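Right, one structure below, let's go through it.
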Amino acid sequence: MPARLILNADDFGLTPGINRAIAELHSAGALTSATLMANSLAFDDAAAIARAHPTLGIGCHIVLTDGVPVLPPNTIPSLIGPDGKSFRPSLTAFLRALFLGRIREQDVIREASAQIQKLQRAGIAITHLDTHKHTHLFPSIARPLLAVADHANIRAIRNPFEPHWSLALHQGSPSRRLAIKWINRLRPKFEAALRTHAGRIQTTEGTVAIAATGQLDANTLARILDALPTTGTYELCCHPGYNDRDLDAVTTRLRAHRDIEREALLREAPRLNPTQLISYASLAPPA
């Protein structure tokens, strides 16, 4: 089978400007998928856009750090940070708690289920799951999320590991590439967890542009697309948007670069053969 590519935008719902960019890019043929944050400020606007664009695949962007939960905080105490109201405010703090065994899988299951149910109540047919900050790289997060996906009849999940051919393009900083190479050692455990679901949940051969997050300009995107293998299915993870006043009001390290990614997708993605572009709806097996 010829190579297939999912062009997926994360952070759908974070701001109206991000939502507008996603709608415009999909209409221009430069985006096939987006993952919606259930606890986002512009959720209702994003859900309306999703319903108005039925060919845009919509995943659930599970948030377990750097945000507020859908459930009451006292019902998922192991996920809550020092303020008693929000998730831990940084990935570092989340990972510290994870490695110390302080995060309970049952709390992950409860909160992830609530986030999925919020999308479903809004009339969203969920094509797949992924996670904010790629937290399901780690087995103790991947396991409960796979169980939640299976129970909710969601038949695909992001493969959060960047393939070797993409890393060989030397995107991003050397320290980020080194961290990704180290984290890729966890891939066999992810694949083993996936196998326990007996083919009911599918994934890709990997996700590209993780190393390039925050540096995905038109030249970098062109290099990735030129290096795409002739076979296999991959996801390209991106964060397009408009750098506006609404974005100033939220916590994110990606600000001016959201404009750069939006412009890069508009310039480079249309040169792909449209038959190469799919969403996770095409990847997942029949229910």
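Going by amide H atoms built from the backbone, whose H comes under 5 Å of the H on Phe12, apart from near neighbours?
When sequence neighbours closer than 5 places are left aside, the close amide H contacts are Thr35, Met37.
Under the definition of Cα pairs under 8 Å and six or more residues apart, what whole-number percent is the relative contact order of the chain?
26
At a threshold of 8 angstrom on Cα-Cα distance, excluding pairs fewer than six apart, so keeping six or more, what relative contact order does the stretch 170-287 reach in percent?
Values: 102 pairs, mean separation 33.8, N = 118.
Relative contact order comes out at 29 percent.
Per DSSP helix of 4 or more residues, -39500 (n - 2.57); summed, then divided by the residues of the chain. What does that give at 222 nm, rounded to the nearest 500?
Using -39500 (n - 2.57) per qualifying helix, the result is -11500 deg cm²/dmol.
Starting from the Cα-Cα distance between Ser173 and Asp44, subtract it from 0.36 nm times their residue separation and give me the gain in nm to one decimal.
Numbers: separation 129, 0.36 × 129 = 46.44 nm, distance 3.59 nm.
Gain on extension, Ser173 to Asp44, equals 42.9 nm.
From largest to smallest, what semi-axes in whole angstrom does the chain give when each is the square root of 5 times an eigenvalue of its alpha carbon gyration tensor?
Sorted largest first and rounded, they come to 26, 21, 20 Å.
Looking only at the stretch 123-143, which residues have a backbone nitrogen under 11 Å from a spot 7 Å from the Cα of Lys189 in the C-beta direction?
Flagged as within label range: 137-143.
Sorting Thr35, Thr131, Thr230 on the 10 Å Cβ count, fewest up front, what's the list?
In increasing order of surrounding Cβ atoms, one gets Thr230, Thr131, Thr35.
Kindly state, to the nearest 0.05, the FRET efficiency for Ser282 paired with Lys133, given R0 = 35 Å and r defined as their beta-carbon distance.
0.85
Would you tally the net charge around Ile103, using a Cβ to Cβ cut-off of less than 15 Å, leaving Ile103 out, and scoring K and R as +1, D and E as -1?
Working: positive: Arg88, Arg96, Arg102, Arg104, Arg110, Lys133, Arg143; negative: Asp66, Glu105, Asp107, Glu111.
Local charge sum for Ile103: +3.
Under 5 Å between amide H atoms, partner at least 5 residues away or on a different chain: which partners does Thr131 have, H built in plane at 1.01 Å?
Ile62, His136
Determine the sum of side-chain charges near Ala28: Lys and Arg each +1, Asp and Glu each -1, restricted to other residues whose C-beta is under 12 angstrom from that of Ala28.
-1
By how many nm would the segment from Arg223 to Ala249 grow when fully extended, if each residue of separation counts as 0.36 nm and the alpha-carbon distance is taken off?
Length gained, Arg223 through Ala249: 6.0 nm.
Give me the net charge of Val148's neighbourhood, meaning all other residues with Cβ under 15 Å from the Cβ of Val148; Lys, Arg count +1, Asp, Glu -1.
+2
What Kirkwood hydrodynamic radius, in Å, does the stretch 144-242 give when the mean of 1/r is taken over all pairs of distinct Cα atoms and then inverted?
On the way: mean 1/r = 0.0683 Å⁻¹.
Taking every pair of different Cα atoms in the stretch 144-242, averaging 1/r and inverting gives 14.6 Å.
Read the figures in this text as sums done on the coordinates, not as results from a lab. Only a predicted model underlies this, so the values are computations on that prediction, with no experimental measurement involved. Neighbour counts are summed over all protein chains in view; Cβ atoms, including those assigned to glycine, are modelled from backbone coordinates with ideal geometry.
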